[in-house]
Structures are given as structure tokens and as C-alpha cells.
Amino acid sequence: MTELQSRLPDPMRYFPGMGAIAAGMSKAVHNGTIPDSTVYLMHLRAGQLAGSTYHTVRQTGHLREAGEPEERITAVASWRDAPYFTEAERVALELVEAVLAPDPGVSDELFARAAAHYDAHALWTLTVAIGQICFFVPVALIARPIPGRPVGQNYSPVSPR
């Protein structure tokens with residue numbers, strides 16, 4: 001097996017302010033209004049939908065570190081008929097799918113169901129959590145950082161051309 005390599009080097013060498021952006025997004029998302037595990041479930045589903053091994057490995061790791069059982073982690077791919085999720089988690093996963101669908105849109109009915117589980121602050125947190133993963137999906141798909149390596153060590157020291 002050949003050693004995995006990223007397609008691009010670490011973006012921090014070109015965009016040193018990106019670390020502050022990432023930290024700010026993380027602080028905004030992990031503000032206590034929704035459980036961190038809900039954020040990780042949402043990000044895992046987004047990684048699955050985008051076909052990103054980097055994100056699915058990363059979010060699965062976060063969920064394991066948070067003590068989530070393997071059944072819940074595995075069932076994210078088939079969450080609609082899986083018995084492992086609360087109604088609030090289900091609506092959060094549905095929001096991710098609505099935003100990342102080929103024809104994206106959040107219906108008034110889906111928003112009303114979300115509002116039944118989350119207050120305005122939590123709804124904004126869900127929105128920012130989806131925005132956070134959407135910010136990093138192109139990075140994963142284009143640069144293809146190395147799955148399973150810690151941030152800062154997940155890029156090869158290579159550069160095209």
C-alpha cells in the first residue's frame with residue numbers, strides 16, 4: 001500500500017488567518033446551545049453526503065471521543081429508519097440533507113419542526129454548524145487532506161507544479 005498524500009500542502013502557509021476563522025467557527029458552534037454530539041452527527045452526515053473520507057473519519061473520531069455508541073455512529077447513514085436518534089437530532093440531520101441536497105431548500109414545514117425542538121439561538125447554532133462543515137468540504141474534496149491524522153499533520157509537504 002502506498003503512503004497517503006494530500007493533493008495540496010497545508011493551506012495555512014498561504015492563508016495564515018484561516019486558523020482564526022476555523023477557531024471562531026468552532027467557538028460559535030460549540031456554544032452549549034445544542035449538544036456537541038448533535039454537531040458531530042450533522043457533520044458526519046454532511047461528510048457522507050459529500051463523499052469525503054476525511055470528514056467521515058474525522059467526525060466518527062469526534063463521536064467516539066464523545067462516548068457515542070457504534071450503533072449511533074454507524075446508523076447516521078440510514079438515520080431516517082434508525083431507532084437511535086432523538087426527534088431533535090433527526091430534524092438536525094434533515095436540515096443538513098435539505099441544505100446539501102442537489103436542489104437545496106428548507107421548507108416552512110421543516111423549519112417549523114426544527115423550531116419545535118430548538119429556540120432561536122439553537123437554530124442559529126444549527127445553521128452555523130452546517131455552514132462550518134460547508135466551509136471545509138471543498139478543502140477536503142479538492143486538497144484531500146490525509147484522513148485520520150491530527151489537524152496540522154494531515155497535509156503532505158508537496159505542492160503541485
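The values are calculated or read from the model by the stated rules, or taken from the named source; none is laboratory data. These numbers were taken from a predicted model, which means no experiment stands behind them. With ideal geometry, Cβ positions are generated from the backbone for all residues, glycine too; neighbour counts draw on all protein chains shown.
Laid out as a table, the results:
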item	result
In the stretch 81-112, the residues that are closer than 12 Å to Leu126 by Cβ and charged (D, E, K, R)	Glu89, Glu94
Residues within the stretch 49-91 that are over 22 Å from Pro150 (Cα atoms), aliphatic (A, V, I, L, M), in a helix (DSSP H, G or I) and out of contact with any Leu (no Cβ under 6 Å at 6 or more places or on another chain), tallied	4
Positions within the stretch 31-48 being part of a helix (DSSP H, G or I), more than 19 Å from Pro138 (Cα to Cα) and out of contact with any Leu (no Cβ under 9 Å at 6 or more places or on another chain), in sequence order	Asp36
When residues of the stretch 12-35 are limited to those that are more than 16 Å from Val151 (Cβ to Cβ) and of a type in the set (S, T, N, Q), the one surrounded by the fewest Cβ atoms within 10 Å (Cβ to Cβ)	Asn31
Residues of the stretch 133-149 satisfying the condition of being crowded, with 21+ Cβ neighbours inside 10 Å and in contact with a Ser or Thr (Cβ under 8 Å, 6 or more places away or on another chain)	Ala140, Pro145
Residues located in the stretch 121-160, provided they are within 17 Å of the chain's Cα centre (by Cα) and of a type in the set (Ser, Thr, Tyr)	Thr125, Thr127
Check on Ser156, of a type in the set (S, T, N, Q) and not in a helix (DSSP H, G or I)	yes
Extreme residue, farthest from Leu126 (Cα to Cα), among residues of the stretch 42-71 that are basic (Lys, Arg) and crowded, with 17+ Cβ neighbours inside 10 Å	Arg58
Lone unmet requirement of (1) at pLDDT 95 or above; (2) among the hydrophobic types (A, V, I, L, M, F, W, C); (3) under 30 Å from Pro145 (Cβ atoms) for Ala120	(3)
Answer from Arg72, Arg45, Arg80 - the residue that is of a type in the set (Lys, Arg), in contact (Cβ under 8 Å) with a residue 12 or more places away in the chain and closer than 22 Å to Gly105 by Cα	Arg45
